[in-house]
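Working notes for the structure below.
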Amino acid sequence: MTYVVTENCIRCKYTDCVDVCPVDCFREGPNMLVIAPDECIDCGVCVPECPADAIFGEDDVPPDQRDFIILNAELARAPGWRPLVRTILPLPDADIWNGKPGKRELLGRNWTDNLPQPPTGKPMR
């Protein structure tokens with residue numbers, strides 16, 4: 001079993017989980033983190049560190065989030081998704097987005113994506 005970052009990380013990108021990972025298996029995308037499943041050693045130390053409660057063991061991923069198991073694996077190998085080995089600042093509006101449902105369409109897959117506008121119509125950073 002590996003651990004999986006789910007939808008609530010989108011537009012938050014808190015990195016408290018990164019510092020405690022003993023194998024540096026997190027990858028950073030434009031507005032989300034993922035876990036490289038081939039590198040994760042299933043220790044689970046990242047789970048309680050996530051302020052967004054976005055990390056689950058593969059067997060515990062909520063049914064409506066199961067597609068994130070495959071998404072983590074795909075994005076961990078995607079060009080531009082780089083290893084993250086230290087804590088960085090979260091996205092500027094992370095606290096506003098934390099806990100909001102329906103963020104999948106806001107996922108930036110490429111650093112050059114024209115990310116969709118948030119529901120408020122404010123420009124994304």
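Laboratory data are not the source of any read-out in this text; all were calculated from the coordinates shown. From a predicted model like this one, the values you see are computed outputs, not experimental measurements. As a convention, Cβ positions derive from the backbone with ideal geometry for all residues, glycine included, and neighbour counts pool all protein chains shown.
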Classify region 1-53 as rounded, prolate or oblate from the Cα gyration tensor: take a ≥ b ≥ c as the square roots of its eigenvalues, call it rounded if a/c is under 1.5, otherwise prolate when a/b beats b/c and oblate if not.
prolate
Give the separation of the Cα centroids, region 1-79 to region 92-109, in Å.
15
Could you give the dipole magnitude of the chain about its Cα centre, charging the beta-carbon of Lys and Arg +1 and that of Asp and Glu -1, in debye to the nearest 20?
660
Could you list log10 I(q)/I(0) for the chain at q = 0.14, 0.18 Å⁻¹, which the Debye formula gives when each Cα is one point scatterer?
-0.53, -0.90
